[in-house]
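Shown next, in structure tokens, is the structure this report addresses.
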Number of protein chains: 2
Amino acid sequence: MPPAPLSRSGKSRRTTDSPISYFIQKALETPGLISFAAGLVDEGSLPVEEVGAAVAGIVADPLTGRAALQYGSTQGLPELREQVLQLVCDADGVRPSDVNLTADDVCITTGSQQLLYLLGEVLFDPGDIVITEAPSYFVFHSLLQSHGAKVLTVPLDEHGMRMDALESLLERLRRSGDLARVKVIYTVDYFQNPTGLTLAVDRRAKLVELARQYSTNHRIIVLEDAAYRELRFTGADLPSVKRFDPKNEFVVYTSTFSKPCSPGLKTGYALMPPDVMAPLLHLKGSHDFGSGNLSQHVASRLIASGAYAKHAEHLRNVYRKKRDLMVQALETEFRDFPAARWTVPAGGFYVWLTFDGIDTGPDGPLVPAALEAGVLYVPGQFGHVFDDTDSVPNNECRLCFGVATEDQIPEGIRRLRKACAAISAGKREKVKASV
Amino acid sequence: MPPAPLSRSGKSRRTTDSPISYFIQKALETPGLISFAAGLVDEGSLPVEEVGAAVAGIVADPLTGRAALQYGSTQGLPELREQVLQLVCDADGVRPSDVNLTADDVCITTGSQQLLYLLGEVLFDPGDIVITEAPSYFVFHSLLQSHGAKVLTVPLDEHGMRMDALESLLERLRRSGDLARVKVIYTVDYFQNPTGLTLAVDRRAKLVELARQYSTNHRIIVLEDAAYRELRFTGADLPSVKRFDPKNEFVVYTSTFSKPCSPGLKTGYALMPPDVMAPLLHLKGSHDFGSGNLSQHVASRLIASGAYAKHAEHLRNVYRKKRDLMVQALETEFRDFPAARWTVPAGGFYVWLTFDGIDTGPDGPLVPAALEAGVLYVPGQFGHVFDDTDSVPNNECRLCFGVATEDQIPEGIRRLRKACAAISAGKREKVKASV
């Protein structure tokens, strides 16, 4: 006799498998497949020697070795928090005191993903509202579903989240009395996952201004996910949204060592207002009372030795070349293709490809045709949520050039073109057959 | 003008600072203090060379180096899951197939603490009931408070959780109609934190039987926290509670590499039924989509090379000696002390000291007297919850011999005796004064 069934929590019942599990499984099962789907980092440039040297340095002295192998603190290694603060402030061209920040305002997390989760736990009750970009990072949407938060979206244009649309949405919520439920405005503001687009500098200031303006009875937090910031390969860095929050009141800035260094360290960080930090640390105490201490010591040593900055510079060259290969291949293969267009990101991992007239969705014809041709992408649909609308675009693809090799990139785009051609031919056949 | 206040979630409002934060802070602020409070591990025996060698081995080959520095999977490194399964089954003297387990039933977490949190998230809605030992691990109680779970407790005797009392409690809950809210029975069954007591073998079988018997409409999960199992220094290992769950239905077994190896790796693991695993992994996907991959590769290599087993053996000798020093010091200092008694643990880190007539609580006289004398303990009261009763014992101390050095242990106990004497003298003064 089978045992009685589990009685699961409401939160667990809201939490489903990742929408892309099927795609990851397919990638593993299909030999020879070129994957533009997984958001993994470039394999060949992982800092194997650098991490080896950092650990060798740590264990060379029993004192530093023991410090790295003992428990750390819930908030994270103090010297790493100082370094992170300096990194972000240097990038923004300010001193920490200019923006009312100290290392006490920095928390180290198990990747930036844990920060996204914890902040949600601090703020969201089921039914609360989070405003995201359309499209946005689909793992964040899964997390919001766990928390029972309601997602409302703001469209993007080539300069990122549209502030006029955000303002209209906030105004509409104010009028309907729903502003009280708005907790967070989320932006992936550098080379966005999934579109590769970057938020323009004037919109950064405006975003903080809107959060402040609509924080009438409670504070609306801007969650700035800067995971890809350090992987800019064209143009000058832009100041963070956090830079426009000089009193450290409205913006939580999060980033990670996963992209510009190594995902295996699973070390992220965040800067936030003190009254967000305190409850977040209480929850983190229950989660794990501190992220991996050895990894934090490794990250700290890589920054101190200069290896981190040098490696990030190397990665910018690696990914610039990959971006160029992908964009060139798209121009070659899709130049003559009716109404195909794509973003040309200035950093990060992602190109966003849009078609007219091809259904790229998980149940559409392109997914199987692409698999047949030996290439995998993430259907753009996963980046969208059904909010107030009853349909989302189903003609977009996220193409990640992070993990595919330089040889694979042009070949993968050729295969995608072949898959598109096969569908178009199939359509013509169908049209003929129905005539 | 200050910004509008945050509007925090119900969960965040239920989550408070750790009760022992004050004590940790005191320990940091007081030079020369001997701390029996922090549950840290012995500093001198941390496996600095072993971890150094493991990482050197990993980075020596670019392929293994890159594998360790890339993203891992949500469930954890497959080879480490195989090794963990074998470790636990070897300790229990069974083959995995005897107890219906494969590596698919193993999950790697950010310390065992994360497993405790995630399992709570899978199962608990506010108002659900968790049965724990009295006293129990206070960080688990904090976590239950976050989840809004109600704690009911079962007393311990020298053989661990009393099964007659557990059965009475379950029967009472059945009669009152509250059985439907009982989700978990939690036991720290090897050298319990905080008492050092171990669950007797016949009670292990009985515990699973009771869970099965009372799982009438939904399943009651036994959560076995075996964090200290590998640190046994007297007598033979006992089979796990999990060993008495041959179909893998009722027991979630969790343990960690923090105690028998290194807390800095922050790597724990758990074995659980498949229908617990699936929703737990969905939640872990939202938390972090996988714990630190480099740390998992290090743990796996330490096990494969034999360094892990060798190191655990070394630690058993280290902690046996520390236990002996503490127990000897207690005999020397408290032999003539009226009604002081203490446990003599067969493993782990903790001695449980009970007085008659001295208030050991956070607001009692012993805490400041001990600080004055230069020693710190954890008030036993923190291990208790106010469940159906309106009072908990306030005459107990948790003494951890994990982090104090061999020299500090006898000196710390001398200081504690001095503090007790000062209070007793103070009391006599008061009595005299009031006569």
Looking only at region A:48-76, which residues are small (Gly, Ala, Ser) and part of a loop (DSSP other than H, G, I, E, B)? A:Gly72, A:Ser73, A:Gly76
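Every residue, every condition in (1) surrounded by fewer than 19 Cβ atoms within 10 Å (Cβ to Cβ); (2) within 14 Å of another protein chain (Cβ to nearest Cβ); (3) free of Cβ contacts under 8 Å to residues at least 12 places away in the same chain, yes or no:
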| position | (1), (2), (3) |
| --- | --- |
| A:Asp61 | yes, yes, yes |
| A:Gly76 | no, yes, no |
| A:Arg81 | no, no, no |
| A:Val88 | no, no, no |
| A:Val94 | yes, no, no |
| A:Ser97 | yes, no, yes |
If I filter region A:310-334 down to residues being more than 21 Å from the chain's Cα centre (by Cα) and of a type in the set (S, T, N, Q), which single residue comes out as nearest to A:Ala236 (Cα to Cα)? A:Gln328
Unique residue being among the small types (Gly, Ala, Ser) and part of a helix (DSSP H, G or I) when the list is A:Ser45, A:Ser97: A:Ser97
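Every residue, every condition in (1) within 27 Å of A:Asn317 (Cβ to Cβ); (2) not hydrophobic (A, V, I, L, M, F, W, C), yes or no:
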site	(1), (2)
A:Ile185	no, no
A:Gln192	yes, yes
A:Arg219	no, yes
A:Glu224	yes, yes
A:Ala227	yes, no
A:Phe250	no, no
A:Tyr269	yes, yes
A:Leu281	no, no
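Please enumerate the residues belonging to region A:111-147 that are assigned to a loop (DSSP other than H, G, I, E, B) and either more than 12 Å from the chain's Cα centre (by Cα) or within 14 Å of chain B (Cβ to nearest Cβ) (or both). Walk me through it before giving the result.
As a first pass, look at region A:111-147 and keep what is assigned to a loop (DSSP other than H, G, I, E, B): A:124-128, A:135-137.
Result: A:Phe124, A:Asp125, A:Pro126, A:Gly127, A:Asp128, A:Tyr137.
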Check off (1) away from chain B (no Cβ under 14 Å); (2) modelled with pLDDT under 95 for A:Gln70 and give me the number that stays unchecked. (1)
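State yes or no: is B:Ile108 within 14 Å of chain A (Cβ to nearest Cβ), closer than 23 Å to A:Gly72 by Cβ and among the β-branched types (Val, Ile, Thr)?
On the way: within 14 Å of chain A (Cβ to nearest Cβ): yes; closer than 23 Å to A:Gly72 by Cβ: yes; among the β-branched types (Val, Ile, Thr): yes.
Against the criterion (within 14 Å of chain A (Cβ to nearest Cβ), closer than 23 Å to A:Gly72 by Cβ and among the β-branched types (Val, Ile, Thr)), B:Ile108 qualifies.
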Hey, among the residues in region A:23-45 that are closer than 25 Å to A:Lys266 by Cα and without any contact (Cβ under 8 Å) to a residue 60 or more places away in the chain, which one's surrounded by the most Cβ atoms within 10 Å (Cβ to Cβ)? A:Ile24
For region B:344-370, give me the residue count where each residue is under 16 Å from B:Tyr22 (Cβ atoms) and in a loop (DSSP other than H, G, I, E, B). 5
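Could you identify the single residue in B:Gly72, B:Gly57, B:Gly76 that is within 26 Å of the chain's Cα centre (by Cα) and of a type in the set (Gly, Ala, Ser)? Walk me through how you get there before you give the answer.
Details: B:Gly72 fails: within 26 Å of the chain's Cα centre (by Cα); B:Gly57 fails: within 26 Å of the chain's Cα centre (by Cα).
Going through B:Gly72, B:Gly57, B:Gly76 in turn, the sole match is B:Gly76.
The values are calculated or read from the model by the stated rules, or taken from the named source; none is laboratory data. Keep in mind the model is a prediction, meaning the values are calculated, not measured. Virtual Cβ from ideal backbone geometry, glycine too; neighbours counted across all protein chains shown.
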